[in-house]
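A short write-up of the structure that comes next.
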Amino acid sequence: MISRIWNLQARSCNLKSGIWCCALVLAIAAMSGVAYAEGTLRIVPLVRAEQVIVSIDLDNGYTDEVRQVINGGVRTTFTYDVDLKMIVPAWVDRTIATAVITTTDHYDTLTRVHNLTRSVDGRVVEVLATENEAAAKKFLTSLNGLPLCRTTLLDRHREYYVRISAHVRPPGATLLGWATGVTNLAKFTFVP
């Protein structure tokens, strides 16, 4: 009887340690995917003409994998989730404005033309057709002068930050291998 109890306890310990090993391996794999980030997101927030304006550059986001997927004729979309937040000490930061920017490339393999569209919050704001791959790359990975909100929504002499997350679809053309996107933020103080 006692040997059966010892036997059951030993099996239980082996099962628990196996689960912990599995969880540890998955955690390490997830973190290594995040560390493998190929893209770097640069954010420049400006206050001009009573508007908060944001410029974005995704360096190394147009990888060989992305290029191959696009050249295969698969519609590829870069999505930028933009949040303007006010820093609130000892509390949750307050969201002032948000925007979702999508840039899409649908490469026509017969005519060899990149059909590019840019949408802000679902509204198409720019359309471009080009044969130049460098122009398509710049269109997909950079954005200059996005008006995010009016300065009347901001409090004077407060600290704010713009946080942007970038993702690419289809999933086979990832920016980061295992991870799902690149995120960065830029801080600024509003002084009228």
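Taking each residue of segment 50-75 that is under 30 Å from Pro147 (Cα atoms) and looking for partners that are of a type in the set (Asp, Glu) with beta-carbon atoms closer than 7 Å, six or more apart or interchain, yields Asn60/Glu38; Thr63/Glu38; Ile70/Asp105.
All conditions in (1) under 24 Å from Asn184 (Cβ atoms); (2) in contact with a Leu (Cβ under 8 Å, 6 or more places away or on another chain) hold for Leu128, with the sole exception of (1). Among the residues making up segment 99-121, a single one is among the acidic types (Asp, Glu) and assigned to a loop (DSSP other than H, G, I, E, B): Asp121. How do the pairs read when you match residues in segment 111-130 that are under 10 Å from Ile101 (Cα atoms) with residues anywhere that are acidic (Asp, Glu), using Cβ under 8 Å and keeping only pairs 6 or more apart or on different chains? Pairs found: Arg118/Glu126.
Taken together, the values in this text are just the output of simple stated rules run on the coordinates, not laboratory data. Predicted model only: the values in this text are computed from it and were never measured. Quick reminder, even Gly has a Cβ in these numbers, built from the backbone with ideal geometry, and neighbours come from all protein chains shown.
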